[in-house]
Amino acid sequence: MRFLAVCTAVAAAAALTGCSGAGGASAGPDKVTLWLMKGSASDEFVDRFTASFEQEHPGVDLDVRIQEWTGIGEKVDGVLSGRGGESADLIEVGNTQVARYIETGGLSELTLDGMRRWGNQDWLDGLADPSSIGGAQYGVPWYAANRVVIYHKDLFADAGIKTPPRNRQEWIQATQKLDKGDQQGIYLAGQNWYVLSGFVWDEGGDLAVQNNGTWEGTLHDDKALAGMEFYKQLQALGDGPKGADEETPPQAEVFARGKVAQIIGPPSQAAAIEAANPALKGKLGFFPIPGKTSDKPGAVFTGGSVLIIPEKARQRDRAIDVITALVSEKWQTELARTMSYVPNKTTLAHVVADNEGAATMAVGAAHGRATPKSARWAEVEAENPIKPYMTAVLTGQDPRKAARTASESITTVLNSER
């Protein structure tokens with residue numbers, strides 16, 4: 001699983017000592033190609049990182065190429081197979097995409113490097129777990145983001161709510177106080193399945209599980225149904241559409257009208273709210289999605305990016321050096337503060353303590369999870385039987401029957417042949 005044939009016999013040692021690069025002093029600088037996704041890091045961050053890395057690694061030319069999310073799967077497949085006409089030594093991918101690349105093959109294993117170089121014991125589970133199969137690690141967490149509760153401070157104060165709720169019971173009670181007249185206690189669209197996932201996980205359920213190599217949708221499980229029941233109770237304390245998701249209409253626009261006390265979304269939506277209604281500037285707050293008890297916040301879906309190295313990378317040892325720099329406390333701090341992200345480790349949450357939105361995300365990220373670790377989960381999302389299931393329950397249909405229908409659809413997709 002190394003980039004030169006002479007390395008394959010000592011793969012474990014190569015993780016520590018590396019093999020010689022493709023180029024030497026006589027061949028000019030070692031060129032390392034890094035693919036980053038558009039919007040993941042600012043131009044200023046990329047420029048500063050590149051200059052610093054090249055200064056600390058004389059003889060290395062770091063070539064950062066920005067990629068579009070649209071169509072990236074096929075491009076990465078091409079690099080991993082060696083048939084795409086392009087090459088890269090290190091690639092940023094979404095945390096939920098890694099299972100697909102592991103299945104198709106062509107990834108370099110990074111288990112030993114994670115243990116000995118990068119402090120994998122502190123990685124966020126929501127980033128690290130989707131990148132591992134059978135104890136082997138193929139992706140290195142880079143940054144995370146997740147949903148929080150964004151609330152209108154004035155409306156909370158008017159309702160006599162002095163502190164944000166810390167558990168579900170307090171949350172329901174507070175939202176009931178806030179839901180009055182033409183004011184919505186919370187705007188929660190009926191098909192926000194990412195939020196539902198957290199409630200299901202809190203109950204000990206899941207969207208799907210794998211047993212003996214076979215996947216099964218599990219929305220009809222009692223624990224998953226309990227998560228949906230809480231979603232229904234919360235969603236009723238506002239006027240969110242039962243047959244649409246949070247982007248139809250965009251929930252930030254609804255909140256900006258000033259008559260909504262809460263929404264659930266990434267903290268970055270606060271900027272959109274303030275842009276739409278400048279009168280709300282300084283009046284927005286954040287708190288973690290409450291859990292069943294006050295001792296820990298609710299589970300959240302963790303999104304974000306990880307770094308992978310193709311088996312065919314020409315500069316694997318240099319790619320290791322780039323990862324080492326990108327996940328260092330210095331550059332994790334720079335990225336998190338520049339982009340308002342959550343760092344890749346629980347032990348680095350303190351670096352965003354001065355950013356209320358990012359700090360709130362970090363609390364939830366410590367208990368974050370990702371979607372089922374299947375190469376076909378993206379196909380489930382494309383069809384997404386979870387959304388009509390949610391609408392069915394919210395409009396009074398039998399929850400167990402609707403859930404079983406959704407579970408059967410998930411099962412069919414996850415076990416289908418490509």
Among helices (runs of 4 or more DSSP H) lying entirely in the stretch 184-298, which contain 3 or more residues that are among the small types (Gly, Ala, Ser) and at pLDDT below 95?
none
Determine which member of the set Leu225, Leu237 is touching a residue at least 12 places away in the same chain (Cβ under 8 Å), within 25 Å of the chain's Cα centre (by Cα) and in the same structural domain as Thr405 (by TED's automatic domain parsing).
Leu225
Checked pairs for the stretch 347-373, first more than 14 Å from Pro266 (Cα to Cα), second part of a loop (DSSP other than H, G, I, E, B) and aromatic (Phe, Trp, Tyr), C-beta under 8 Å and 6 or more apart or across chains, list as Val352/Tyr341
Sole miss for Asp154 among (1) in contact (Cβ under 8 Å) with a residue 24 or more places away in the chain; (2) more than 23 Å from Val352 (Cα to Cα); (3) crowded, with 22+ Cβ neighbours inside 10 Å; (4) not hydroxyl-bearing (Ser, Thr, Tyr) is condition (3)
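Could you tell me whether Val306 is among the aliphatic types (A, V, I, L, M) and part of a strand (DSSP E or B)?
So Val306 passes the test.
Yes or no, residue by residue, for (1) touching a strand residue (DSSP E or B) at 6+ places or on another chain (Cβ under 6 Å); (2) aromatic (Phe, Trp, Tyr); (3) in contact (Cβ under 8 Å) with a residue 60 or more places away in the chain:
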| site | (1), (2), (3) |
| --- | --- |
| Glu74 | no, no, no |
| Ser81 | no, no, no |
| Ser87 | no, no, yes |
| Leu90 | yes, no, yes |
| Ile102 | yes, no, yes |
| Ile133 | no, no, yes |
| Tyr138 | yes, yes, yes |
| Tyr143 | yes, yes, yes |
For the stretch 222-261: of the residues being out of contact with any strand residue (DSSP E or B) (no Cβ under 7 Å at 6 or more places or on another chain) and aromatic (Phe, Trp, Tyr), which is surrounded by the most Cβ atoms within 10 Å (Cβ to Cβ)?
Tyr231
What is the one condition in (1) out of contact with any Gly (no Cβ under 8 Å at 6 or more places or on another chain); (2) surrounded by fewer than 22 Cβ atoms within 10 Å (Cβ to Cβ); (3) farther than 26 Å from Arg166 by Cα; (4) in the same structural domain as Leu90 (by TED's automatic domain parsing) that Ala319 does not satisfy?
(2)
Check the stretch 291-314 and report whether any residue there is in the same structural domain as Arg100 (by TED's automatic domain parsing) and out of contact with any helix residue (DSSP H, G or I) (no Cβ under 9 Å at 6 or more places or on another chain).
yes
State which residue pairs qualify: first residue under 23 Å from Gly364 (Cα atoms) and inside the stretch 257-270, second residue among the hydroxyl-bearing types (Ser, Thr, Tyr) and assigned to a loop (DSSP other than H, G, I, E, B) in any location, beta carbons under 6 Å apart, and separation of 6 or more residues or different chains.
Val260/Tyr187; Ile263/Tyr187
Residue check for Leu335: surrounded by fewer than 24 Cβ atoms within 10 Å (Cβ to Cβ), touching an Asp or Glu at 6+ places or on another chain (Cβ under 8 Å) and closer than 27 Å to Lys296 by Cα:
no
Criterion first (surrounded by fewer than 23 Cβ atoms within 10 Å (Cβ to Cβ), under 25 Å from the mean Cα position of the chain (by Cα) and not assigned by TED's automatic domain parsing to the domain that holds Leu326) does Ala208 satisfy it?
yes
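The values are calculated or read from the model by the stated rules, or taken from the named source; none is laboratory data. The structure displayed is predicted, hence computed values, not measured ones. So basically every Cβ, Gly included, is an ideal-geometry build from the backbone, and we count neighbours across all protein chains shown.
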